[in-house]
Amino acid sequence: MALRTLLGKDLRILARSPVLVVLLIAYPVVIAVLIGLALSSSPALPRVAFLNEIAPSQSTITLGNEQIHTTRYERELFAAIQPVMVSTRAQALADVRDGKTVAALIIPPELPEQLANAAGSAYVDVIYNGDAINQALVEEAIESKLAQANVLLAAQLSRVADGYIDLLLTGGDLHFLGSSFDVLGLVHAQSILAAVLSRLPPSSPVRHALVQVDAFAKIAVANLGGSRQVIGAVAAPVVARESVISGRRTPLSEYAVAVAVSVSLMFIAILLASGMLALEREENTLGRLRRGLVSTTQLLAEKALLAAVTAVVVSFVMLCGIGLFVPLGFGRAGLWLLAICGGALAFGTLGVAMGALVREVRAASLLVLLVSLPLVFLALVPSGSVSGGLYDVIRVISAVFPFKASLEALDAAVNQSQPSLASALAHLAALIAGFGALARVALRP
Amino acid sequence: MARSAKLVTVALEAAGLSKRFAGRVAVHNVSFTLKAGEVLALIGPNGAGKTTLLSMLAGGLAPSAGELHPSGAAGIGWVPQQTAIYSKLSIAENLRLFARLEGVTEPETAVDAMLEQTGLRERSDDAVGRLSGGNRQRVNIAVGLIANPAVLLLDEPTASLDPRQRARLWEFINLRVAAGTSVAFATHEIGEAERYASQLLLLADGEMLFLGSPAELCTAAQEGNLDRAFLALLAARGH
């Protein structure tokens with residue numbers, strides 16, 4: 001009975017506390033669903049724009065007695081990705097740029113010719129958008145499948161090469177461009193030479209030259225058989241030729257540096273700003289200050305600036321410290337500072353907006369953790385690793401929270417990645433204005 | 001001539017002061033004047049609008065209607081019901097901070113004067129969080145007085161204090177009154193209002209029911225005791 005009464009009371013309180021319900025129940029549910037969907041659809045089959053530029057009539061390559069069907073290797077690659085068929089190279093690039101796919105895989109028209117000539121490795125083009133996580137995700141999947149395809153292809157090429165070696169060694173019929181040729185073979189050539197040499201007088205003027213040719217034929221017969229193993233060891237007839245749309249790729253280790261510094265920046269700035277503002281409420285000093293001693297804007301700016309400056313100092317020192325172990329290019333330290341300042345101010349402003357909503361420092365800290373951590377995770381979900389609609393939702397959520405923009409600013413400053421530092425800073429400036437206005441509204445008496 | 005005399009004697013004047021929150025009337029049409037060195041007690045049941053009225057007088061809330069002279073926070077000291085000082089800072093640091101924020105020209109002199117008047121000089125370096133409730137309230141009031149305001153507004157200043165602490169606090173406040181400071185304070189203690197206030201302003205549901213001396217309230221309610229007069233007047237006006 002007592003339990004039921006208490007339960008009824010608590011449910012009534014929750015029903016009358018819509019903000020609490022949204023924060024404690026609806027928000028975690030929405031975030032959990034988004035994270036669940038993101039986890040369930042990635043990274044098993046990354047969406048990759050696929051374009052086969054080989055004309056259908058040329059998709060089968062004939063080498064000696066062997067026929068290589070490129071569609072077979074296409075299927076191998078499809079086991080590792082979720083292909084999004086496109087009809088032009090421009091469309092493939094646009095899909096990567098817009099985040100519809102993680103990467104583009106293009107089989108160039110010259111691949112059959114490159115394989116047939118066997119002058120070196122043939123290429124497939126893999127194009128990324130410069131995002132380190134995206135690249136790592138696809139690289140692993142494509143390279144693993146390409147390795148499997150190469151094993152099969154190498155075996156086929158090896159068989160073709162074996163045939164040619166047999167022909168060179170023992171002779172036989174060679175069919176080429178519709179004609180048939182009788183090839184003598186090194187073994188027979190050497191027998192003929194030996195017979196001719198045995199009949200020549202020792203003083204014959206051609207004897208010395210024929211002895212040299214005979215010696216070569218013996219060596220060739222003895223060693224050409226061993227070249228089979230060498231040919232068999234050629235394991236990568238096709239290699240992935242990687243390129244990045246925006247020009248420069250961020251190595252995953254350097255991207256991780258940007259992520260680590262952004263996370264530190266975020267927690268320091270948001271926790272400090274929200275905590276310091278909530279402390280004013282906790283100490284009951286807010287009313288005293290706002291009766292003409294300081295304006296709401298001054299109060300919010302002071303807290304946001306304090307948090308931002310602290311976060312900037314800690315994050316910059318942290319980045320410089322990491323730079324001692326990871327090559328980061330200290331020549332761009334001015335840009336690092338600019339990016340860190342932009343992010344710190346945005347996080348500081350978000351912090352005061354959060355601090356204005358609560359009455360206690362502990363509640364502020366809880367709110368910050370509750371809101372920030374899932375949003376950091378969502379901001380790191382690679383484009384193309386989830387369905388287009390879900391990624392659009394994630395992208396909107398990430399756009400209204402400063403983590404993604406701050407990470408992009410720092411990545412651009414440290415790794416020269418895209419989007420540019422200027423556009424990331426403009427994004428952060430818009431967020432600072434938005435959260436500043438929100439904080440003013442939340443702090444209204 | 002008459003106008004200049006008014007400027008000298010009237011420290012605070014409210015005319016038709018009202019405050020509405022989302023359609024609910026918290027204070028309605030309150031008018032009064034507070035002369036220099038006068039003590040006004042705001043009395044009334046819970047939810048009468050005492051704190052809202054004091055907040056408007058202190059410049060912390062903008063009135064929905066009516067006029068206030070002076071308007072804003074200049075020349076007015078504000079002491080909220082709950083201590084509004086930083087517990088991690090020392091007494092002297094709190095006083096110095098608010099002296100600077102109030103724009104006091106010589107902050108150190110003002111801090112010295114307040115430490116002297118509160119009798120807390122010996123403990124000036126102690127963190128406020130380590131003080132007793134009575135001493136915290138004295139620092140709270142000292143912060144309200146740091147800019148030497150003409151008017152001091154106090155919201156239930158003795159609500160959490162024992163009788164001895166209350167007496168010491170009123171000694172402190174009366175010293176300021178004797179020096180010419182006008183005081184308006186909200187209280188539920190009718191005895192306190194009778195003892196220290198020269199004027200009473202009775203509020204109920206945001207409406208001003210009475211303004212006058214304690215003796216005039218007893219006469220209006222036809223009761224010999226202020227407690228009973230207070231209750232009788234509320235009942236007579238339907239509260």
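The values are calculated or read from the model by the stated rules, or taken from the named source; none is laboratory data. Here the structure is a predicted model, which means the values were calculated and not measured. We place every Cβ from the backbone using ideal geometry, glycine too, and count neighbours over all the protein chains shown. With ligands, DNA and RNA removed, areas are computed over all heavy atoms of the protein, side chains included. Shrake-Rupley method; radii C 1.70, N 1.55, O 1.52, S 1.80 Å.
Scanning segment A:313-326 for residues that are under 18 Å from residue A:403 (Cα atoms) and either modelled with pLDDT under 90 or open to solvent by less than 20 Å² (accessible area, probe 1.4 Å) (or both) turns up A:314, A:315, A:318, A:319.
Residues in segment A:327-338 that are crowded, with 17+ Cβ neighbours inside 10 Å and aromatic (Phe, Trp, Tyr): A:336 alone.
One residue alone among B:120, B:131, B:53, B:95 is more than 28 Å from residue A:295 (Cα to Cα), hydrophobic (A, V, I, L, M, F, W, C) and at pLDDT 90 or above, and that residue is B:131. Within segment B:199-215, being touching a residue at least 12 places away in the same chain (Cβ under 8 Å), surrounded by fewer than 17 Cβ atoms within 10 Å (Cβ to Cβ) and either of a type in the set (Asp, Glu) or not in a strand (DSSP E or B) (or both) holds for one residue alone: B:213. A residue that is more than 24 Å from the chain's Cα centre (by Cα), among the aliphatic types (A, V, I, L, M), part of a helix (DSSP H, G or I) and surrounded by fewer than 24 Cβ atoms within 10 Å (Cβ to Cβ) cannot be found anywhere in segment A:339-356. Is segment B:106-120 home to any residue that is within 14 Å of chain A (Cβ to nearest Cβ) and out of contact with any Cys (no Cβ under 6 Å at 6 or more places or on another chain)? Scanning segment B:106-120, I find at least one residue that is within 14 Å of chain A (Cβ to nearest Cβ) and out of contact with any Cys (no Cβ under 6 Å at 6 or more places or on another chain), so the answer is yes.
Across segment B:63-100, which residue is farthest from the other protein chains (Cβ to nearest Cβ) among those that are of a type in the set (Ser, Thr, Tyr), over 16 Å from residue B:114 (Cα atoms) and surrounded by fewer than 21 Cβ atoms within 10 Å (Cβ to Cβ)? First the steps, then the outcome.
First, the residues of segment B:63-100 that are of a type in the set (Ser, Thr, Tyr): B:64, B:71, B:83, B:86-87, B:90.
If we keep only those that are over 16 Å from residue B:114 (Cα atoms) too, we end up with B:64, B:71, B:83, B:86-87.
If we keep only those that are surrounded by fewer than 21 Cβ atoms within 10 Å (Cβ to Cβ) as well, we get B:64, B:71, B:86-87.
Values: B:64: 13, B:71: 10, B:86: 6, B:87: 6 Å.
Applying the filter and picking the extreme gives B:64.
Residues of segment A:249-305 that are surrounded by fewer than 21 Cβ atoms within 10 Å (Cβ to Cβ), of a type in the set (Ser, Thr, Tyr) and closer than 30 Å to residue A:320 by Cα: A:253, A:264.
Taken over segment A:57-110, the criterion of being under 21 Å from the mean Cα position of the chain (by Cα), modelled with pLDDT of 85 or more and in a loop (DSSP other than H, G, I, E, B) is satisfied by A:86 alone. Summed over segment A:395-431, residues that are β-branched (Val, Ile, Thr), surrounded by fewer than 21 Cβ atoms within 10 Å (Cβ to Cβ) and touching a residue at least 24 places away in the same chain (Cβ under 8 Å) total 2.
Could you please find all residues in segment B:63-80 being on the phi < 0 side of the Ramachandran plot and in contact with a Ser or Thr (Cβ under 7 Å, 6 or more places away or on another chain)? Residues satisfying the conditions are B:63, B:64, B:65. Taking residues in segment A:290-303 that are within 11 Å of chain B (Cβ to nearest Cβ), and partners anywhere that are surrounded by 15 or more Cβ atoms within 10 Å (Cβ to Cβ), the pairs with Cβ atoms closer than 6 Å and at least 6 places apart or on different chains are A:291/B:58; A:291/B:59; A:291/B:60; A:291/B:73; A:291/B:78; A:292/B:59; A:292/B:73; A:293/B:101.
Please work out if residue B:109 is assigned to a helix (DSSP H, G or I) and closer than 26 Å to residue B:187 by Cβ. In short, no.
Counting only residues that are of a type in the set (Gly, Ala, Ser) and in a loop (DSSP other than H, G, I, E, B), which one in segment B:30-57 is surrounded by the fewest Cβ atoms within 10 Å (Cβ to Cβ)? Give the steps one after another, and end with the answer.
Here is the first cut: in segment B:30-57, the residues of a type in the set (Gly, Ala, Ser) are B:31, B:36-37, B:41, B:44, B:47-49, B:55.
Applying the additional criterion that residues be in a loop (DSSP other than H, G, I, E, B) yields B:36-37, B:44, B:47-49.
Numbers: B:36: 15, B:37: 17, B:44: 26, B:47: 13, B:48: 25, B:49: 25.
Restricting to residues being of a type in the set (Gly, Ala, Ser) and in a loop (DSSP other than H, G, I, E, B), the top hit is B:47.
Would you check if residue B:19 is basic (Lys, Arg), in a strand (DSSP E or B), within 13 Å of chain A (Cβ to nearest Cβ) and more than 15 Å from the chain's Cα centre (by Cα)? Yes: the conditions hold for residue B:19. On the stretch given as segment B:46-62, residues that are out of contact with any strand residue (DSSP E or B) (no Cβ under 8 Å at 6 or more places or on another chain) and more than 10 Å from chain A (Cβ to nearest Cβ) total 2.
So is residue B:60 at positive phi and either buried (at least 21 other Cβ atoms within 10 Å of the Cβ) or in contact (Cβ under 8 Å) with a residue 12 or more places away in the chain (or both) or not? Against the criterion (at positive phi and either buried (at least 21 other Cβ atoms within 10 Å of the Cβ) or in contact (Cβ under 8 Å) with a residue 12 or more places away in the chain (or both)), residue B:60 does not qualify.
Looking only at segment A:417-429, decide whether some residue is touching a Phe, Trp or Tyr at 6+ places or on another chain (Cβ under 9 Å) and either in the same structural domain as residue A:95 (by TED's automatic domain parsing) or under 23 Å from residue A:95 (Cα atoms) (or both). Within segment A:417-429 (the criterion being touching a Phe, Trp or Tyr at 6+ places or on another chain (Cβ under 9 Å) and either in the same structural domain as residue A:95 (by TED's automatic domain parsing) or under 23 Å from residue A:95 (Cα atoms) (or both)), the answer is yes, since at least one residue qualifies.
Using the structure shown, decide if residue A:222 is among the hydrophobic types (A, V, I, L, M, F, W, C), modelled with pLDDT under 85 and closer than 30 Å to residue A:349 by Cβ. No: the conditions fail for residue A:222. The single condition among (1) charged (D, E, K, R); (2) open to solvent by less than 30 Å² (accessible area, probe 1.4 Å); (3) closer than 28 Å to residue B:89 by Cα that residue B:166 does not meet is (2). Being crowded, with 22+ Cβ neighbours inside 10 Å and either outside any helix (DSSP H, G or I) or touching a Phe, Trp or Tyr at 6+ places or on another chain (Cβ under 7 Å) (or both) is not true of residue B:161.
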